[in-house]
Each structure stands twice: as C-alpha cells, then as structure tokens.
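Here the structure comes first, spelled out in structure tokens, and everything after it is commentary.
The values are calculated or read from the model by the stated rules, or taken from the named source; none is laboratory data. Given the structure is predicted, the values throughout are model-derived calculations rather than measurements. Glycine gets a Cβ as well: all are built from the backbone with ideal geometry, and neighbour counts include every protein chain shown.
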C-alpha cells in the first residue's frame, strides 16, 4: 500500500535550544486513521506543523514525504494533499461562515462555482447550514470547531491532520464529530489525529504512536501496544 | 498550481482585502482626506496667500503634490502593515502558509490590495485639493506611474514591518521615527533649493524627497531634481524590498516558528 506520510529521522531544535523532535521515523499508509498521542510539549504539534509548512525545517533536519512529495523539494505539490485542523481556532472572526470556506477554496485555486458543491456538502454534514450567513465571531465554540474542520476539507485533501479537534467540545457534539470523521476516513481520507482524550483514539484509530520528549516511544496497532491492558495505563507508563 | 489557479488565488486575496477596506471606509479613506483638506485650508489658503509663488505657481499649488504623496505613501504603508499584522495576530496566516500558493503570489496579492487603498486615498486627496486650487496635470501618465511605484514601495515596507513586528507597539516605530520625519523633511512644504548649504545636501539622502519631487514634476512640470533620478531611487527601493520579503518567506523569519 502507498504511504500517505513518510517521515525519516526528523529533528527540530527551536531557537533558544529546545529540542522538540529527536529523530522521528514514522510511516502512515493511505486510508489509515492514525493517532499521535503524547503529553503537552511532547512534539506532536511540531511534527504536524513541520509537515504542513508552519514550522521551518532545514534539509539536514530529516525528510518528510507527503503522498510521495518531498516537502523540501516540491512542498507546494505536497500541500495540495494536506488539510489541517489546528489546535487553536483561527478563522477570521469578521468573515461570514460560508465566506471563510469560499476564501479557503480560493487559496487552493478553486473558483467559487467549482467549490460550491463541496461547500454545500460540508455545511450540511457539519450542521452549519443555518449559520452560513453568520459571522464567525457570532458562533459558539463548537460551531467554530466544526467550521475549521469544514475549512480544512474544502479542497478535498487526501491527508487530514486533526490537532486536538474535540478539545472543549461537549459530549454530544464530540460523538457527531466522530461519526463524521469515520465516514470521511471510510471515503479514503488518511487521518492523523492528536488528542488528549484516549478513548477518542481507542474508538477511532487502528494504529497509534506515543511520543514523549521528542521521540516515538511506542508505535503499532492498538492491540500490539495495549496487549490486553488499558491504553491509559500503557500511556501513563510510557510518558511518566 | 496552474496559472488559472494562481489567478483565482490572487483574486481571492485581492477581493477579500479590498472588500475589507471598502467596508471600513470611515477608517481607511475618510481620515486622510479630512486631515489633508485641513492642510490645504490652513497652509494653502490662509497662510499660503501670504507666501510668494514658487516656480511660477501659488504656494497652495506647490504643496499639493507633496501632500498627495504624503497621504498616498502613509496609507499604502499603514494598510499593508495593519492587514498583515492582523493576519499574524489572528493566526489566519496559517491557512495561507499551509496552502500551495507560492510566496511571490501571496506578496503580490497583498501588495495589490494595499496599493488599491493607497491609490484610492491619494486620488481622493488630489480631488479634494481641486476644491481649493484648480490644477491641470502636466504629465498625467507619469503621475500615475510615480503614484503606482511609490505606493508599491511603501506597501512592501509595511509588509516588512508587519513580518518583524511582535507586538502592537512595533507597528508604530517605523511610521513615527522614520516615515513621518522623512516625509516632512522631504520637501512637502518647501523646495530643497531654498535650504541653506549643508541642509540641501543632507536632504538628498532622504528617499521621500525623490518621490515627492517626481510627483511634483508630473503634476506641476518642475521639480528640484531630474525625474529619472527619482524613478531610479523608487525602482531600486522596490527591488530591494521585494527581494527582502521573499527571503523572509523562504526562511520563515517572523512568519513561522
């Protein structure tokens, strides 16, 4: 099977000396729903941010391939495949909901008429149709979360990064989001999820990596890693 | 991205930013027009009537190009600075950095929208000047070229300032300590030929002097220096600023962690 994401010996030291990643190797196959778990400051967001082009990476700091495209050589081609749902809600608060989505499509060179069908589908699926003319500032926290998920999917990415997508979301909405994400994964989108809710990873993902202090400590299927134990116990043992 | 996709991406950013400027017209367009009209009234009409003609034109006509240039460059600079810093502050810039748009396209799109605002303000100020003093433009095409180039240069400077800015305080430093003094000492209200000895030579190091004189030549038909000197200074400034910005995008300085 083809790899959606391939990371080889990825290292990152920030200005000031903090070593966020210490030689990470990771391969994620197309169609996987993969969990990247770890405590705050473990390096999860740095790994995602480097892949998406939000954190600067030098060529000698390792290799990242997205759908076979090296981000140091043909980064723009790699980016076409990536969708990112960031940890922080960062939509323009003065724009209307549907306009946020049309603008996002425009960044990928998709015209309004070409984007219409996908945007209507996302508004429907993420229950934002009634709020399409509302400004982002008027939305509740849960709606803003759904909007940034919709925004990440406007250009139909094949690799979706979800950086704590359900943080601060109520139980009902979280279950709706899980359902939507499962459907999305079944449609062929590779999903990389970071979360602090371990039951979320257990419910959605087949394979996972536990990262701590910039290193991958465990990598494998849920069964391989847990080996009959509770994920929470394994996680706490590794990240202690 | 194909050329068509790049064109769509350009229109997206340009359209979004122009709509925002038009939506906030009371903040973008009105204040500079009112302030400059007061300059025309006080310095041009009230005080200017007591000052003898310069280069064969009334004092009010003499200060029009300088004041138009001053508002045009300030608006272009501020527009770009605020727009781009707000993108960083809200972190909406992440969506642009994650997208496949090449850096030059992002810069060009924002540059065009800031130039639109700067040129619109400059045009409105010039029209308001006509209420006080009828002026026939000596070289209209040259005037448009000078306005375009100057607006572009200052919008690029605004972008550099926005990329380096870390706090809201950093937004005013360049404007207060460099642009405002250089503008007022750049011959808005006087001809550098009138300055005594060393001061006229020191003034030649002020790049805004060249821009004001280029517009003065375009509108009134005379200036303190050859117009091609002025155009050369502006074009070199644009090349340096654009290259600097592309370097900042490439290295991620001020944009990426």
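Tabulated results
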item: All positions within the stretch A:72-82 that are surrounded by fewer than 20 Cβ atoms within 10 Å (Cβ to Cβ), outside any helix (DSSP H, G or I) and within 11 Å of another protein chain (Cβ to nearest Cβ); result: A:74
item: Qualifying residue in the stretch B:226-240 (condition: more than 14 Å from chain A (Cβ to nearest Cβ), out of contact with any strand residue (DSSP E or B) (no Cβ under 7 Å at 6 or more places or on another chain), surrounded by 15 or more Cβ atoms within 10 Å (Cβ to Cβ) and under 29 Å from residue B:49 (Cα atoms)); result: yes
item: Test set (1) without any contact (Cβ under 8 Å) to a residue 12 or more places away in the chain; (2) within 21 Å of the chain's Cα centre (by Cα); (3) away from chain B (no Cβ under 14 Å); (4) farther than 19 Å from residue B:250 by Cα - residue A:103 fails condition number; result: (3)
item: Selection count, the stretch B:1-59, where residues are assigned to a loop (DSSP other than H, G, I, E, B) and either away from chain A (no Cβ under 14 Å) or in contact with a strand residue (DSSP E or B) (Cβ under 7 Å, 6 or more places away or on another chain) (or both); result: 7
item: Enumeration of residues in the stretch A:47-71 that are on the phi < 0 side of the Ramachandran plot, more than 8 Å from every other protein chain (Cβ to nearest Cβ) and surrounded by 16 or more Cβ atoms within 10 Å (Cβ to Cβ); result: A:47, A:48, A:50, A:51, A:57, A:61, A:63, A:64, A:65, A:66, A:69, A:71
item: The stretch B:181-198 residues that are touching a residue at least 40 places away in the same chain (Cβ under 8 Å), paired with ones that are part of a loop (DSSP other than H, G, I, E, B) (beta carbon under 7 Å, 6 or more apart); result: B:186/B:206; B:187/B:224; B:191/B:224
item: Residue B:51 buried (at least 17 other Cβ atoms within 10 Å of the Cβ), closer than 30 Å to residue B:193 by Cβ and at pLDDT below 90; result: no
item: Subset of the stretch A:106-133 (residues that are more than 11 Å from chain B (Cβ to nearest Cβ) and without any contact (Cβ under 8 Å) to a residue 12 or more places away in the chain); result: A:116, A:117, A:120, A:121, A:124, A:129, A:130
item: Selected residue [in a loop (DSSP other than H, G, I, E, B), in contact with a helix residue (DSSP H, G or I) (Cβ under 9 Å, 6 or more places away or on another chain) and over 23 Å from residue A:164 (Cα atoms)] from A:110, A:89, A:103, A:93; result: A:110
item: Some residue of the stretch B:97-115 being buried (at least 20 other Cβ atoms within 10 Å of the Cβ) and free of Cβ contacts under 8 Å to residues at least 12 places away in the same chain; result: yes
item: Candidates B:137, B:146 - the one that is crowded, with 17+ Cβ neighbours inside 10 Å, more than 14 Å from every other protein chain (Cβ to nearest Cβ) and either under 16 Å from the mean Cα position of the chain (by Cα) or in a loop (DSSP other than H, G, I, E, B) (or both); result: B:146
